[in-house]
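Chemist: Encoded as structure tokens, here's the structure I'll be asking about.
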Amino acid sequence: MSRGTIVYLGMCVLLVAGLWAILRAGSRLRAPEDLAGRWELRAVGPGKNAARHDELVIGQSGLFLDVAFSPGPRLGMKIVDQQPAPDGTIAVKLAGGGAELTATGGPGGDEFQLQGTGAAAGLWEARRTARRYGSPATPDSHAR
């Protein structure tokens with residue numbers, strides 16, 4: 001074989017090995033849960049001690065969220081943890097702006113339980129009434 005052929009074959013092997021490494025590393029990555037949209041809040045629990053928030057509007061860009069309670073505070077938050085549970089639900093923990101929120105529900109779903117501490121203290125059932133982008137949420141909207 002000529003030297004040129006060996007270099008050509010070596011470059012092909014490096015290309016395939018590099019592509020394999022990229023695909024292998026990327027297979028472990030997961031996109032953050034989509035929480036963007038308008039959410040209707042209903043206080044739950046004994047005494048319904050949640051702060052009087054009727055609505056929540058979330059704008060999201062990747063891990064970063066703009067969380068606005070109505071009436072109430074507007075918080076800049078970040079997804080700090082996202083864990084699937086054995087029962088098929090997902091728990092998404094947000095932190096920032098002097099508050100922590102944990103949203104628990106079905107992946108890609110429109111109904112979550114929302115528990116907050118700090119500036120957003122309370123426990124709510126949250127139902128998405130409109131997605132940030134696209135048509136209003138329906139029970140089957142995440143199946144599209």
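The values are calculated or read from the model by the stated rules, or taken from the named source; none is laboratory data. Everything quoted here is computed from the prediction, not taken from an experiment. Here the Cβ is made from the backbone with ideal geometry for all residues, glycine too, and neighbour counts use every protein chain on show.
Chemist: Of the residues that make up segment 66-74, is at least one surrounded by 15 or more Cβ atoms within 10 Å (Cβ to Cβ) and among the polar types (S, T, N, Q)?
Modeler: No, that holds for no residue.
Chemist: Oh, and also: Gly108: in contact with a helix residue (DSSP H, G or I) (Cβ under 8 Å, 6 or more places away or on another chain) and not polar (S, T, N, Q), yes or no?
Modeler: Yes: the conditions hold for Gly108.
Chemist: Surrounded by 18 or more Cβ atoms within 10 Å (Cβ to Cβ), at pLDDT 95 or above and in contact with a strand residue (DSSP E or B) (Cβ under 8 Å, 6 or more places away or on another chain): is that true of Ile58 in this structure?
Modeler: No, not satisfied.
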